[in-house]
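To start, the structure itself, in structure tokens.
No value in this document is a laboratory result; all are computed from the given coordinates. Computed from a prediction, not measured in an experiment: that's the story for all the values here. Methodologically, a virtual Cβ is constructed for each residue, glycine included, from the backbone with ideal geometry; neighbour enumeration extends over all protein chains shown.
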Amino acid sequence: MVTKKEIKLSFVIALWFMVLTFPIMVIKVNTIKHIVIFRWENLLWTGIVCFFASLIWNYLLRIKEEKKKSDTKDDIPIVHRLLQNEKFRIPFLAAICLFAIAYPFVFSMYHTSILISALIYVMLGLGLNIVVGLAGLLDLGYVAFYAVGAYAYALLNLHFGISFWVVLPISALLGTIFGTLLGYPVLRLRGDYLAIVTLGFGEIIRIILENWDELGNGPRGIGNIPAPSFFGHQFNQHNSVIYIYFVVIALVLLTIFFVNRLENSRIGRAWIALRDDEIACEAMGIDKFKTKLTAFALGATWAALGGVVFAAKTSFINPMSFTIWESITILCVVVIGGMGSAIGVIAGALVLILLPEYLRAVAEYRMLVFGALQVIVMVFKPEGLIRSIRKTYKFEKTKE
Amino acid sequence: MEPILNVKNLTMNFGGLKALDDITLAVEKGQIAALIGPNGAGKTTFFNCITGIYEPTEGNVKITPPGKPTQKLQGLKTNLVTEKGLARTFQNIRLFEGMTVLENVMIGRHCRLKSGIIGAMLKPSSQKKEEKQAVVDSYEILEKIGLAQYVNEMAVNLPYGAQRRLEIARALATEPFLLLLDEPAAGMNPQETKELDDLIIWLRDNEDLSILLIEHDMKLVMSLSDNIHVVDYGRKIAEGTPEEIKSNPDVIKAYLGDESEDA
Ligand SMILES: Nc1ncnc2c1ncn2[C@@H]1O[C@H](COP(=O)(O)OP(=O)(O)OP(=O)(O)O)[C@@H](O)[C@H]1O
Ligand SMILES: [Mg+2]
């Protein structure tokens, strides 16, 4: 199972880590008593943990290599297999539906509210997936459009008393406009340059919100944002959470519906072509710039929609909700979930958002855990948790 | 009759390097023309210049699509050149790896279809029809090229020769009148090369295409071409039928080196 070579390698790695971490793990200087304490037991622990971690790591790497060799036919992820199988498809989807409908009535408000956050991330993830996963444009300022949506609802409601349902399309439009305006100059850049510029833009929006007191109260933010109403009827707090839950579910379903259609459309294919090879894409008669711009603007539209729901759910927003970390989290959802794969992104959002909520230990080291996950996924499953599969077509032979 | 592609005095400088030096070349309708020359002669650069990937330093490029007036091509973006009816393949295969074989061909259909983003989301019946037609058309192209068996495979998983053919299929899907092939036989075995030979002739005769190809395989070039253009160090050194080229002293010199210098 484990070869001698691997044991030797792990042993060396453990030794190396013991040396590396010696200053921080072992030596402790007490500046008051002027003494140095050596915690030798820590050295031992480091060694043992590193040794076994390395063993497992190498073992998994080997398994992966062997698997790659043994079956050349690419295996389809289990979720896709379930969805393709006629017999399982209906019960599978029905079970999910039933669970989703029953959830807020079975579980407490606290749990429902957490699931709402996760579902908002599903929306955001699916939106960013268009930009990053399909079109291959690394956008690190996605949160800016999220902020646009949230502030649009808060401000329009504050000043004009416009309701959630009216703001929803307005903010979607605003998202599209902002996406186009930003996309127009920056989409001429590619790769890393694009990432840096969008990162800067995200921060600019946040800093403007923080410093422009007249617009949105600066860092104090805007409170008392009303929850959505149901044909003019305002629910009490408990029911309103349930209501928002169903609103989010509906929006997520709508998103999945559209994203699924887009993926297998003329435009969606052009996005993927652009991601795979820009030059060949242009040589096939696709307008590179226009195609990029539609992806960028559409992604922004979904971010803005997510923002409106977020504002309605928390009833209070301030610029702190729209930091760079938010962009990074959404990006993690897409990359870990599976770039370009809608099902992967949904799974990614649920795992990455629910995990820190329920495992408090993880919450403290959230970014650390995300980073580690990222590395693990990149090494063992470079295509993400659930990779995307392309649509297949059936044909009867037209000739002989 | 006006030649289908008419290139005059094309020059391309990369800094101090003259990759193309005053090239004049014409392709007639229904012709299979070949562009040959030693490595680094500037053949690929020539393709890149007429398809708008590079902007040539000097010269002009005109096309006369069948049944249409003569028009200028230089200064157009790559995708517009393709829309005008020039399609190309690449020397180093550039397929879309994240897509199936059929989808690769459907990308070629892109510039002949209309549906936009709203259409994709709402799927009105016109869009559905267009999409269905695109699938059928693309499949037909695959059948013609002999790739129908791979229709739902991922493009990367194809054998090498099939990948090269897929590049041709993809180019055909854009409905070109002139096909530019950059070393289509590179890396193919004799059997595959033979099939390619048949395919190219079939394309000219049945698809009403003119073809300009770059190729190192002399046997293929000599058997296929109606007209051969030879470039060396960016300059055109000869033009003529296969027989003329075979016996042209300048061409022999370019390929075998200047023997008088060695002596
Ligand atoms: N983008 C570029 N920048 C600078 N020099 C270039 C560029 N593209 C090509 N060249 C140079 O132009 C010359 C011609 O290159 P080209 O690729 O056109 O040759 P080729 O005839 O296609 O050769 P091969 O048969 O090897 O494909 C070479 O010297 C090459 O180094
Ligand atoms: Mg070349």
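Overview of results
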{"read-out": "Computed helical MRE - 222 nm, chain A, DSSP H runs ≥ 4 contributing -39500 (n - 2.57), nearest 500", "value": "-24000 deg cm²/dmol"}
{"read-out": "Residue with peak Gaussian network fluctuation, chain B [Cα springs, cutoff 10 Å], from B:216, B:229, B:110", "value": "B:110"}
{"read-out": "Sequence ranges A:374-383, A:197-206, ranked by mean other-Cβ count within 10 angstrom, highest first", "value": "A:197-206, A:374-383"}
{"read-out": "Pairwise centroid distance, computed over Cα atoms, of the stretch B:17-53 with the stretch B:200-238, Å", "value": "11"}
{"read-out": "Residue A:165-residue A:279 FRET efficiency (beta carbon distance; Förster radius 41 Å; 0.05 resolution)", "value": "0.35"}
{"read-out": "For the stretch A:176-184, 3J(HN,Hα) per residue [Karplus equation, 6.51 cos²θ - 1.76 cosθ + 1.60, θ = phi - 60°, Hz, x = Gly/Pro]", "value": "4, 5, 4, x, 5, 4, 6, x, 3"}
{"read-out": "Rule-of-thumb Rg ratio for the protein assembly as shown [Cα; 2.2 N^0.38 Å; N residues]", "value": "1.17"}
{"read-out": "Whole-Å semi-axes of the stretch B:97-169's equivalent ellipsoid (Cα gyration tensor)", "value": "25, 12, 9"}
{"read-out": "As computed over the stretch A:107-380, the Cα convex hull volume per residue (Å³)", "value": "131"}
{"read-out": "Protection-proxy order for peptides A:281-294, A:14-27, each taking the mean of Cβ atoms within 10 Å per residue, highest first", "value": "A:281-294, A:14-27"}
{"read-out": "Three principal axis lengths of the stretch A:4-70 [C-alpha, angstrom, descending]", "value": "62, 18, 14"}
{"read-out": "Kirkwood Rh, Cα atoms: Rg over Rh of the stretch B:208-248", "value": "0.96"}
{"read-out": "Modelled FRET efficiency - R0 56 Å, residue A:95 with residue B:206, Cβ distances, 0.05 increments", "value": "0.55"}
{"read-out": "Debye log10 I(q)/I(0) for the stretch A:23-108, one point scatterer per Cα, at q = 0.18 Å⁻¹", "value": "-0.91"}
{"read-out": "Positive-end residue, the stretch A:107-380 charge dipole about Cα centroid, Cβ charges, pick of A:331, A:259, A:295", "value": "A:259"}
{"read-out": "Ordering of A:211-217, A:56-62 by burial proxy (mean other Cβ atoms within 10 Å per residue, highest first)", "value": "A:56-62, A:211-217"}
{"read-out": "Test item: A:255-262 mean partner chain Cβ contacts at 10 Å", "value": "2"}
{"read-out": "Dimensionless Rg ratio for the stretch A:1-158, taking C-alpha atoms and the 2.2 N^0.38 Å reference", "value": "1.72"}
{"read-out": "Shielding by partners, peptide A:384-393 (average Cβ within 10 angstrom, other chains)", "value": "3"}
{"read-out": "Set B:43/B:219; B:8/B:236; B:43/B:194 screened for pairs whose C-alpha atoms are more than 20 Å apart", "value": "B:43/B:194"}
{"read-out": "Distant-in-sequence amide H partners of residue B:214 (H built 1.01 Å from N, under 5 Å)", "value": "B:35, B:181, B:182, B:183"}
{"read-out": "Rel. contact order, % - alpha carbon contacts under 8 angstrom, at least six apart, the stretch A:107-380", "value": "40"}
{"read-out": "For chain B, built as a Gaussian network whose Cα springs stay under 10 Å, the top-fluctuating residue of B:29, B:129, B:194", "value": "B:129"}
{"read-out": "Mean projected area in nm² (Cα convex hull; one quarter of hull surface) for the stretch B:9-111", "value": "8.1"}
{"read-out": "Anisotropy class of the stretch B:107-238 from Cα gyration tensor, a/c 1.5 cut", "value": "prolate"}
{"read-out": "All Cα pairs of chain B, percent lying beyond 23 Å", "value": "54"}
{"read-out": "Residue-count net charge about residue B:178 - beta-carbon cut-off 10 Å; Lys, Arg +1, Asp, Glu -1", "value": "+3"}
{"read-out": "Shielding by partners - mean other protein chain Cβ count within 10 Å, residues of B:82-95", "value": "3"}
{"read-out": "Column: log10 I(q)/I(0), Debye, Cα scatterers of the stretch A:241-289, q = 0.26, 0.28, 0.32 Å⁻¹", "value": "-0.87, -0.93, -1.05"}
{"read-out": "The stretch A:220-306 - Kirkwood radius from inverse mean 1/r over Cα pairs (Å)", "value": "16.0"}
{"read-out": "Helix-only [θ]222 nm of chain B, DSSP H runs n ≥ 4, -39500 (n - 2.57) each, per residue, nearest 500", "value": "-11500 deg cm²/dmol"}
